[in-house]
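Data block below; observations after.
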Amino acid sequence: MNKGRVDAVSSLDDAIKDYFCQADVIAELINHFILKEENVNPSEMLPVDLMPIFRKLREYGSGRTIEEFQNEYKNIFLMKTERLYCALLVETEISYDLPIKAFSFESGLYETETETWDALSEGGLLPCLTFVLYLNPDNWGGYYHLHEMYKNSNEALIKLAPDYTLNMIEPAKLTEDTIAELSDDLGGVLSFAKICDDATKMQGFLLSEAYAHMGNLAKELLRCISYSIR
């Protein structure tokens with residue numbers, strides 16, 4: 001990878017962190033695409049420190065360092081309310097082990113919770129709702145389910161094995177009507193992700209009224225997408 005490409009990817013990671021760390025953005029995504037009938041209030045969402053989770057993953061990580069886990073989960077954003085955890089994974093490229101990656105993260109979270117958890121007094125763990133935003137103009141080409149990854153083709157056996165299903169948001173599959181229901185910023189980001197493989201369409205969007213109404217963090221994310229995702 002040349003230096004220009006490295007710089008572009010680094011800048012995209014920074015722009016993703018700056019934009020998607022916002023509670024109102026995570027709440028809008030999870031309310032609109034995942035929960036639908038219930039709402040998460042962004043004012044009730046608090047960021048969660050990921051370091052205890054990375055330490056727990058290191059214990060089971062076959063010698064992997066915390067820095068390696070930080071890089072693997074560089075674009076994950078974890079929030080907590082009184083009712084649940086909300087974990088957003090932003091992916092820009094296909095990751096074929098993503099069901100395992102998401103499942104492992106949740107396992108690490110629950111392991112850290114049980115260290116100080118009193119089952120009798122607290123009555124249970126908070127559920128973690130993990131969802132993925134594939135920030136790319138193409139359809140997701142990886143696995144959606146852990147069952148799809150099993151080598152054994154015996155369906156009867158596979159049904160008895162544990163499964164994990166990704167909650168996936170793919171801009172390529174969103175209609176214009178769906179995007180129109182979103183805020184100017186998030187709708188603009190997802191619209192741009194759909195067309196970022198077409199230079200002419202990107203240029204047209206950057207000159208549009210929709211772009212003019214977007215905030216600075218969203219605009220910076222679009223700028224980085226235009227240089228990094230093709």
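The values are calculated or read from the model by the stated rules, or taken from the named source; none is laboratory data. Bear in mind the structure is a predicted one, so any value in this text is a computation, not a measurement. Every residue, glycine as well, gets a Cβ built from its backbone with ideal geometry; the counts of neighbours run over all protein chains shown. Protein only, heavy atoms only, side chains kept; ligands, DNA and RNA dropped before computing areas. Shrake-Rupley method; radii C 1.70, N 1.55, O 1.52, S 1.80 Å.
General observations
- When both segment 43-122 and segment 13-41 are represented by their alpha-carbon centers, they are found 17 Å apart.
- Cα gyration tensor shape of segment 47-108, rounded if a/c is under 1.5, else prolate or oblate by comparing a/b with b/c: oblate
- Close amide H pairs (under 5 Å, H built 1.01 Å from N) link residue 85 with 128, 129, residues at least 5 positions away or on another chain.
- A 1.4 Å probe run over the chain, with the rest of the protein chains in place, finds 54 Å² accessible per residue.
- Cα-centre dipole for the chain with unit charges at Cβ (Lys and Arg positive, Asp and Glu negative), debye to 20: 680 debye
- Cα Rg over Rh - the chain, Kirkwood: 0.98
- Within the accessible area of the chain (1.4 Å probe), percent carbon and sulfur: 50 percent
- Test item: Cα-centred dipole of segment 102-230, Lys/Arg +1 and Asp/Glu -1 on Cβ, debye: 580 debye
- Net charge over other residues, Cβ less than 11 angstrom from the Cβ of residue 144 (K, R count +1; D, E count -1): -3
- Sorting 192, 33, 103 on solvent-accessible area from highest to lowest, probe radius 1.4 Å, gives 103, 33, 192.
- Viscosity 0.692 mPa s, 37 °C: Kirkwood-radius Stokes-Einstein D of segment 159-230 over Cα pairs, µm²/s: 245 µm²/s
- Bridges between two residues of the chain, per DSSP, are antiparallel at a rate of about 45%.
- When the GluC sites (Glu not before Pro) in segment 123-230 are filtered for DSSP coil states and for at most 16 other beta-carbon atoms within 10 Å of their beta-carbon, the remaining sites are 181.
- Dipole axis of the chain (+1 Lys, Arg; -1 Asp, Glu on Cβ), positive-most option in 153, 86, 132: 153
- GNM result for the chain, Cα springs below 10 Å: residue of 15, 212, 172 fluctuating most strongly: 212
- Charged neighbours of residue 164, selected by a Cβ distance under 11 Å, balance to -2 (K, R count +1; D, E count -1).
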